[in-house]
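Inspection log for the structure reproduced underneath, given as structure tokens.
The values are calculated or read from the model by the stated rules, or taken from the named source; none is laboratory data. No experiment lies behind these values; they were computed from the predicted model shown. FYI the Cβ positions are ideal-geometry reconstructions off the backbone, even for glycines, and counts take in every protein chain you see. Ligands, DNA and RNA are excluded from the accessible area calculation, which covers all protein heavy atoms including side chains. Shrake-Rupley method; radii C 1.70, N 1.55, O 1.52, S 1.80 Å.
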Amino acid sequence: MRCDVLTLFPQLLEAFRRTGVLGRAVESGLVEIAVHDLRDWAGNRWGQVDDEPYGGGAGMVIMAPPVLRAVRAIEAMDPRPARTIVLTPRGRVFDQALAAELAQAPRMVLLCGRYEGFDERVTAILEPEEVSIGDFILGGGEVAAMAVIEAVARLVPGVVGDPASVEEDSFFAGLLDHPSYTRPPEVEGHAVPKVLRSGHHERIRRWRLEEAVRATVARRPDLLERHWNEYTDEVRAIVRRFAPELAARLGRDGR
Ligand code: SAM
């Protein structure tokens, strides 16, 4: 997969694309991350890409022409079709389902705003997808782009060495993850649950599944509503034990 990032602060992506699991994926060629400085398409000697908003008011707006030039040039750098995405608080809220969808694409082009964001004509002309990473305001789209790239890259086959580790993550199966423990066996009076030291694989699997359901019931019951249809009979039976009323309602609604 190839990710192109258009930004006013390319240096913010430098350590990110060299570090950890993603750094190894980039080194091995599984993921390519190309970072582009919007000022390269400014079209003026000063590299100016923003201007005051029509109608007045606080902050600056990123001008449309440099963005249009940049995106067209970047899209032409590779013949594969790209999902072109503007990071913006008004976009579709990013989640694991969207990450999985994007991981199927050969390319993403991510546009990072700053200041008051982009001139509206960027959206009108390029008709990009709009993605938000949540209901809060960042200073720029770079952190949002990194969140999207990291979540998507983890789902590209081969990036995470053991695919089971991705499949057991929170949200992958519509459940939160189970708790994890490592040495030492006891910390300030808190012992590791006995079953995890039993060596009994089936009991461990079952305990982890129950704990995942328990955590989801307690912390994110909205996930149960959204994913009820996708759960196995085993998961539904555990939900019935922990949250009988909710399970009855979800079963009745035929979701
Ligand atoms: N005035 C804009 C608004 O209220 O929608 C906020 C602009 S914000 C200070 C600057 C840039 O940060 C945005 O153009 C966008 O690229 C990025 N940004 C801020 N919050 C974001 C979020 N929750 N998700 C994705 N991008 C975000």
| Taking into account only those residues within region 84-114 that are near the ligand (Cβ under 7 Å from one of its atoms) and open to solvent by 20 Å² or more (accessible area, probe 1.4 Å), which is farthest from the chain's Cα centre (by Cα)? | Arg114
| Among the residues of region 245-254, is there at least one that is assigned to a helix (DSSP H, G or I) and closer than 27 Å to Leu196 by Cα? | no
| said: Just to be sure I understand, how many residues within region 149-195 are without any contact (Cβ under 8 Å) to a residue 40 or more places away in the chain and not in a loop (DSSP other than H, G, I, E, B)? | reply: 11
| Taking region 166-213 as the region of interest, how many residues are closer than 26 Å to Leu30 by Cβ and surrounded by 12 or more Cβ atoms within 10 Å (Cβ to Cβ)? | 8
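Do we have Gly59 as part of a loop (DSSP other than H, G, I, E, B), open to solvent by less than 60 Å² (accessible area, probe 1.4 Å), out of contact with any Lys or Arg (no Cβ under 6 Å at 6 or more places or on another chain) and not β-branched (Val, Ile, Thr) here? Please lay out each step first, then the result.
Values: part of a loop (DSSP other than H, G, I, E, B): yes; open to solvent by less than 60 Å² (accessible area, probe 1.4 Å): yes; out of contact with any Lys or Arg (no Cβ under 6 Å at 6 or more places or on another chain): yes; not β-branched (Val, Ile, Thr): yes.
Against the criterion (part of a loop (DSSP other than H, G, I, E, B), open to solvent by less than 60 Å² (accessible area, probe 1.4 Å), out of contact with any Lys or Arg (no Cβ under 6 Å at 6 or more places or on another chain) and not β-branched (Val, Ile, Thr)), Gly59 qualifies.
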| query | Among the listed residues Asp78, Asp37, Asp51, which satisfies the condition of being loosely packed, with under 15 Cβ neighbours inside 10 Å and of a type in the set (Asp, Glu)? | reply | Asp51
| note | Restricting attention to region 115-157, the residues that are basic (Lys, Arg) and either more than 20 Å from the chain's Cα centre (by Cα) or open to solvent by less than 50 Å² (accessible area, probe 1.4 Å) (or both) number exactly 1
| request: Return a yes/no flag: does region 126-134 have any residue that is farther than 25 Å from Asp51 by Cβ, of a type outside the set (A, V, I, L, M), more than 10 Å from the ligand (Cβ to nearest atom) and touching a residue at least 60 places away in the same chain (Cβ under 8 Å). | output: no
| field | Criterion (hydroxyl-bearing (Ser, Thr, Tyr) and within 30 Å of Pro89 (Cβ to Cβ)) met by exactly one of Thr232, Thr216, Thr182 | value | Thr216
